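S.K.: Here's a structure for you.
The values are calculated or read from the model by the stated rules, or taken from the named source; none is laboratory data. Given the structure is predicted, the values throughout are model-derived calculations rather than measurements. Using ideal geometry, Cβ is built from the backbone for each residue, glycine included, and neighbour counts are taken over all protein chains shown. We work out accessible area using only protein heavy atoms, side chains counted, and drop any ligands, DNA or RNA first. Shrake-Rupley method; radii C 1.70, N 1.55, O 1.52, S 1.80 Å.
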Amino acid sequence: MVGLAYDCLANPLGAVRSTFEKAIASGSDPASFDGRDWGAVDLFRHFLFEDDGLTQVPILNSATIRWVQPNTLVRFRGMIQDMLGNEFYVGAYKDGSVWRTNKFTDVPQFPMDTSPDMRLWERRMLYCIPVPGQNSWTESPSEAVMYRSMNSATQQREKRQRLDVEATDNMDCNVSDEGVECSSAKKLKEDGHLQSQESITEGTSSSMIMGPDVNRDSLPCLIKIYDCPESDLKLNEVFEFVGVFTFDPEFKVDKDECDDFTNGFSEDVLVHFPPNKVPRLHCFIHRKLAVHDFLPRSPTVEPKPHLVKEFREALLRHLTAILGNDGVAAHFMLLHLLSTVYSRVETVAVGKLSLNLTCFSKESVPVFGTPLRLAMKNLLPFTQCISLTVDYLNTASLAPRKDYETNRLITGALQLAEGSHLIFDETHLEAGTLNSVGVENARVLKTLMELQKVEYDFKFYKLDMAADVKMLILSEGKSNILPADIVLPFHPSSVGSSEVAAEALEAWRWYLATLRSLPHSIEPEMQKVIENDLVAARQEDRKLGTQDFSRLLTMGRLMSMSFGETSLSLEHWQMVKELERLRKERLK
């Protein structure tokens, strides 16, 4: 069998050209490819998933940007922070008598003149960022080793290139199916336009070209999407995009062409997202990611009850030690960590379980709050901690807002991915006056706590965006700003050690990520028992309402899930009632 004429990793655009030429040679009309694939995406899907090529594709981030090559195949994992709309581009055109395509590129790969044979197509643009609060352990060990070795090689290569810069300054190399062809840069720049985006010296790292403007701590990416229904990609969802990384520091937009085709939209994108700051990825394939997709290593086992029970007991011991030997707080913390919004009934977010640990002080937060925050970072992929003060409330940008001058959605602290965890430290919150911003921020926080929604400010109207964020509050007394589902006085009796083996952390991460998505039901017999218990509880305490009953049912669901079971048993319901009894005793 004859080998491929291109390398899907090193020369993906060669694969695009080859499959396009093959489709044209078979008699297909270029106009018929508007909005559909001619075989290129199928080829990459086969390479990635059937030939196990996905693991070979580097992840584009602030570390790999130093060595990843332009016009190669990369992955980008991130959250959709803004949806920039659609742009028109010349998808197919005639170069003499030969049809060419510009799909999956920013600039033509061959000379292009305006002609009736041009085919204008459309693509979507998404502004994506690394998932807010993403913790470093989500990077797999193999990737970390590869990045370090490649970074070392890049430094050596950059040193050699600095010595040879004068010799190569007037030369450009064009990667083709046959290899690397070099020619004078002046010949490639006819009429002030670059002939090819691949005209970059072989071996030049993108960090050298991008220079100091790249934000190495949080690298965003402009994703260009082809032939995909709009409903497939939504704001704040986390995706892995696989496609061509493109970069051209000298790329300029022809304003007249821009006005004709896009009403200046592409020019705005280049102004606000310049290529030397925001890399581009022309996407072949995308897939939505869940929390378990960020586990570098996880046990390849089913959540069997005996194994789950072992993990549960070990994790509970760890949480108990961190929480000063407060076993009740540890049990509530476990249920809190497993909680997730799994349904919405009108305005009610079913499944959430926010937790407010009271009796904290400025002095006790470093002793117990800091280890607790570190434990959350080690157990969950996306975590953040906010110190809540009057000054913070009066100045912070919590809810995203639309800037109509730049046509951008300006992010806020509460634009978060599903499954994120927030710790609010209220121990530094002192008496003060809230300004209009502070009042609005307090309202936004309360809405997120109670309804799991964030109001996005579009100036002329507000738009509710659904959220799924676990919220933990550390405070002296019951929080007035953040009314949690569970309020529990914290009663530590000792200061424990938070050291834990790496293998145990991996098991607990798998435990939390896997069990939170288990299906759950309550059998008719148990429903009758629960109804009788709730009626009895209401007769004993007339203050109990529907919110209390809903919270107890959520706790019952989480308790049975914590054992890896999908149906609530009488034993686990009794455990929930005992936990609630102990909590109420502390509140007296």
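S.K.: Report, in listed order, any pair from Lys224/Lys277; Lys224/Lys453; Lys224/Lys402; Lys277/Lys470; Lys377/Lys470 with a Cα-Cα distance greater than 25 Å.
M.R.: On the way: Lys224/Lys277 16 Å; Lys224/Lys453 28 Å; Lys224/Lys402 21 Å; Lys277/Lys470 33 Å; Lys377/Lys470 13 Å.
From Lys224/Lys277; Lys224/Lys453; Lys224/Lys402; Lys277/Lys470; Lys377/Lys470, over 25 Å: Lys224/Lys453; Lys277/Lys470.
S.K.: For Gly78, which sequence-distant residues (separation of 5 or more, or a different chain) have an amide H within less than 5 Å of its own amide H, given hydrogens modelled in the peptide plane?
M.R.: Phe239, Phe241
S.K.: Ratio of region 396-469's C-alpha Rg to 2.2 N^0.38 Å, to two decimals?
M.R.: Computed over Cα atoms of region 396-469, the ratio equals 1.17.
S.K.: Separate question: Tell me, what ³J(HN,Hα) does each residue in region 221-228 have, in order and in whole Hz, if you take phi through Karplus 6.51 cos²θ - 1.76 cosθ + 1.60 with θ = phi - 60° and put x for Gly and Pro?
M.R.: Taking θ as phi minus 60°, the curve returns 8, 8, 9, 10, 10, 10, 6, 9 Hz for region 221-228.
S.K.: Moving on to the next point. If packing is taken as the mean number of other Cβ atoms within 10 Å per residue, what is the order of 130-139, 419-428, highest first?
M.R.: Details: 130-139: 18.0, 419-428: 20.8.
Per-residue mean Cβ counts within 10 Å order the peptides as 419-428, 130-139.
S.K.: For an R0 of 25 angstrom, estimate the FRET efficiency from the Cβ-Cβ distance between Ser28 and Glu230 and round to the nearest 0.05.
M.R.: Numbers: r = 26 Å, r/R0 = 1.04.
According to the calculation, E is roughly 0.45.
S.K.: Would you please give the residues with an amide H less than 5 Å from that of Ile285, counting only those at least 5 places away or on a separate chain, with H modeled from the backbone geometry?
M.R.: Sorted by chain and number, the residues that satisfy this are Val242.
S.K.: Could you order Asp52, Asp326, Asp113 so the one with the most accessible surface comes first? Probe is 1.4 Å. Mind showing how you got there, number by number?
M.R.: Working: Asp52 95, Asp326 5, Asp113 120 Å².
Result, largest first: Asp113, Asp52, Asp326.
S.K.: Let me ask another. Could you pull out every residue, at least 5 positions away or on a different chain, whose amide H is within less than 5 Å of the one on Ser62? Hs are placed 1.01 Å off N in the peptide plane, and Pro or chain starts have none.
M.R.: HN-HN under 5 Å from Ser62: Leu219.
S.K.: Okay, moving on. Carbon and sulfur: what percent of region 442-494's accessible surface (1.4 Å probe)?
M.R.: Working: 1200 of 2320 Å².
Ligands and nucleic acids excluded, carbon and sulfur give 52 percent.
S.K.: Now for a different question. Could you state how much accessible area Glu523 has, in square angstrom rounded to the nearest 10, with a 1.4 Å probe and all protein chains kept in place?
M.R.: Here the accessible area works out near 90 Å².
S.K.: Once the piece of chain linking Asn86 and Phe563 is laid out straight, how much longer is it, given 0.36 nm per residue of separation minus the C-alpha distance between them? It would help to have the intermediate numbers written out before the result.
M.R.: Numbers: separation 477, 0.36 × 477 = 171.72 nm, distance 4.73 nm.
Gain on extension, Asn86 to Phe563, equals 167.0 nm.
S.K.: Considering only protein heavy atoms, with the full assembly of protein chains and a 1.4 angstrom probe, order Phe88, Phe311 by accessible area, largest first.
M.R.: Values: Phe88 95, Phe311 35 Å².
So, going from the largest accessible area down, we get Phe88, Phe311.
S.K.: From Cα pairs below 8 angstrom and at least 6 apart in sequence, can you work out the relative contact order of region 6-68, rounded to a whole percent? Intermediate results must be reported in sequence, preceding the final value.
M.R.: Values: 27 pairs, mean separation 15.6, N = 63.
After rounding, I find 25 percent.
S.K.: Can you work out the PRE-style zone for Cys359? Point 7 Å along Cα to Cβ, and I want the residues of region 484-517 with backbone N under 12 Å.
M.R.: 488-494
S.K.: So for region 449-535, what are the equivalent ellipsoid semi-axes in whole Å, largest first, each being the square root of 5 times an eigenvalue of the Cα gyration tensor?
M.R.: Numbers: eigenvalues 168, 135, 86 Å².
Listed largest to smallest, the semi-axes of region 449-535 are 29, 26, 21 Å.
S.K.: How high is the relative contact order of region 1-127, in percent, counting Cα pairs under 8 Å that sit 6 or more residues apart? Present the calculation step by step, with values, prior to reporting the outcome.
M.R.: On the way: 148 pairs, mean separation 32.9, N = 127.
Reported as a whole number, the value is 26 percent.
S.K.: Once ligands and nucleic acids are excluded and a 1.4 Å probe is used, how much of Arg443 is accessible, expressed in Å² to the nearest 10?
M.R.: 90
S.K.: Same structure, new question: What is the spread of the Cα atoms of region 347-430 along each of their three principal axes, largest first, in whole Å?
M.R.: Cα spread of region 347-430 along its principal axes, largest to smallest: 47, 31, 28 Å.
S.K.: Label-point separation (nm) for Phe460 and Leu544, each offset 7 Å from Cα along Cα-to-Cβ?
M.R.: 5.0
S.K.: Same structure, new question: I'd like the FRET efficiency for Lys277 and Val390, computed as 1/(1 + (r/R0)^6) with the beta carbon distance as r and R0 of 35 Å, rounded to 0.05.
M.R.: Numbers: r = 35 Å, r/R0 = 1.00.
Here the calculated transfer efficiency is 0.50.
S.K.: So, one more: Describe numerically, in nm with one decimal, the distance between label points set 7 Å from Cα along Cα→Cβ at Leu534 and at Leu570.
M.R.: The modelled label-to-label distance comes out at 2.0 nm.
S.K.: Further, regarding this structure: Quote the accessible area belonging to Phe368 in square angstrom, nearest 10, computed with a 1.4 Å probe and with ligands, DNA and RNA left uncounted.
M.R.: Accessible area of Phe368: about 20 Å².
S.K.: Find how much the distance from Leu316 to Glu405 grows on full extension, using 0.36 nm per residue of separation minus their present alpha carbon separation; answer in nm with one decimal. Spell out each step's value before the answer.
M.R.: Values: separation 89, 0.36 × 89 = 32.04 nm, distance 5.13 nm.
The span from Leu316 to Glu405 would gain 26.9 nm if fully extended.
S.K.: What does the accessible area per residue of region 357-400 come to in Å², with a 1.4 Å probe and no ligands, DNA or RNA counted? Spell out each step's value before the answer.
M.R.: Details: 1660 Å² over 44 residues.
Here the residues of region 357-400 average 38 Å² of exposed surface.
S.K.: Under a Cβ-only charge scheme (Lys and Arg +1, Asp and Glu -1), can you give me the dipole magnitude of region 71-131 about the Cα centre, in debye to the nearest 20?
M.R.: Details: 8 positive and 7 negative charges, 61 e Å.
Magnitude of the dipole: close to 300 debye.
S.K.: Along region 311-323, what does the Karplus equation 6.51 cos²θ - 1.76 cosθ + 1.60 (θ = phi - 60°) give for ³J(HN,Hα), rounded to whole Hz, x for Gly and Pro?
M.R.: Once θ is set to phi - 60°, the couplings for region 311-323 become 4, 4, 5, 5, 5, 4, 4, 5, 5, 5, 5, 5, 8 Hz.
S.K.: At what distance in angstrom do the alpha carbon centres of region 487-548 and region 83-135 lie from each other?
M.R.: 51
S.K.: In addition: For region 277-361, evaluate the Debye formula with one uniform point scatterer on each Cα (no solvent term) and list log10 I(q)/I(0) at q = 0.14, 0.23, 0.25, 0.26 Å⁻¹, rounded to two decimals.
M.R.: -0.80, -1.24, -1.29, -1.31
S.K.: Let me make sure I get this right: for region 26-133, a, b and c are the square roots of the gyration tensor eigenvalues over alpha carbons, sorted descending. Under 1.5 in a/c it's rounded, otherwise prolate if a/b > b/c, else oblate. Which is it?
M.R.: Values: a/c = 2.06, a/b = 1.61, b/c = 1.28.
Since a/c reaches 1.5 and a/b is larger than b/c, the shape of region 26-133 is classed as prolate.
S.K.: Considering the Cα positions of region 324-482, please state its Rg to one decimal place and its Dmax as a whole number of Å.
M.R.: Values for region 324-482 (Cα only, Rg and Dmax): 16.1, 54 Å.
S.K.: Roughly speaking, what is the stretch gain from Ala10 to Phe49, that is 0.36 nm per residue apart minus the C-alpha to C-alpha distance, in nm to one decimal?
M.R.: 12.3 nm
S.K.: How far is it, in nm, from the label point at Glu578 to the one at Lys446 when both lie 7 Å from their Cα along the line to the Cβ?
M.R.: For Glu578 paired with Lys446, the spin-label model returns 3.8 nm.
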